[in-house]
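Scroll down for the structure; my scribbles are underneath it.
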């Protein structure tokens, strides 16, 4: 990616396609014109786009939208709630046909809205991973359902073993369940315990709020994988990753390599 002028002492961003420093943006119903505008401004900084929950069922011009993202080299996938909506209606084969119909290369497997036996979820991951690259989501959308850290680790590892490319830490689009308390505060002990067992590049943390993005970048560096980013927040997030916003301004700066003495 090209920048408009030279600044020294910036963290180095890996080029796309990348395994680390992944930004997943959530499209909750953008128009074709909005997609074009989004790509013009943020296309270099977004790695994948999720069509939130089951918005792909109701949004007009779905194929045209997918074509525009594809032309820009940005993969798209349907939200995990759509997968769950097919499964709960015993339409898993129909779901697979929908993936083929729209030439999808990624899919999300989740169980945040319904109770699913975990062995069955892993079997869905195995089946779908023969067809597409699978992202699997761990965590419940029910804010009263608290999953202990050892169980997060067990579920994530089993889903990676079943064929998931990355596991997603659930937060919803509001960032107030799963990894986060209802206030949006990070359950830091949970995150740090997960990281003792699961490689950080294998996890995509849903972090829609700026304070959450800053927390993860300070903990894990500029190449942490972050998701559920609003389209209008992708460029701001990139500046946070680079230490070019007040929140992380001095975090990556090696003052020994500058002339600034304070």
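What follows is calculated from the coordinates using simple rules that are stated; it is not laboratory data. Predicted, not measured: the structure shown is a model, and the values here were computed from it. Note that each Cβ is placed from the backbone with ideal geometry, even for glycine, and that neighbours are counted across all protein chains shown.
The angle separating the long axis of helix 149-162 from the principal Cα axis of greatest extent in the chain is about 70 degrees.
Binning the alpha carbon pair distances of the chain at 10 angstrom intervals from zero yields the distribution 7, 30, 36, 20, 5, 1, 0, expressed in whole percent.
Between the helical axis of 92-101 and the longest alpha-carbon principal axis of the chain there is an angle of about 60 degrees.
From least to most packed, judged by other beta carbons within 10 angstrom and beginning with the fewest, 134, 41 follow the order 41, 134.
Normalised by the number of residues in the range 107-215, the mean separation of alpha-carbon contacts (under 8 Å, six or more apart) gives a relative contact order of 25 percent.
In whole percent, what relative contact order does the chain give with Cα contacts below 8 Å and a gap of six or more residues? Computed over the chain, the figure is 20 percent.
With each run of n ≥ 4 DSSP H residues scored as -39500 (n - 2.57), what mean residue ellipticity at 222 nm is computed for the chain after dividing by its residue count and rounding to the nearest 500 deg cm²/dmol? After summing the helix terms and dividing by the residues of the chain, the value is -10500 deg cm²/dmol. Of all DSSP-defined beta bridges confined to the chain, some 5% are antiparallel rather than parallel. Taking one quarter of the surface of the C-alpha convex hull of the range 1-143 gives a mean projected area of 10.5 nm². Our estimate of slack between residue 4 and residue 157, defined as 0.36 nm per intervening residue step minus the Cα-Cα distance, is 50.9 nm. Relative to the longest principal axis of the Cα atoms of the chain, the long axis of helix 32-42 makes an angle of roughly 40 degrees. Counting other Cβ atoms within 10 Å as a rough exposure proxy, the listed residues 215, 205, 165, 152 run 165, 215, 152, 205 from fewest neighbours to most. Computed extension gain for residue 211 through residue 145, at 0.36 nm per residue and net of the alpha carbon distance, reaches 21.4 nm. As a rough footprinting exposure proxy, the listed residues 181, 13 were ranked by other beta carbons within 10 Å of their own, and the order from fewest upward is 181, 13. Convex hull of alpha carbon positions in the range 120-232: directionally averaged projected area 7.1 nm².
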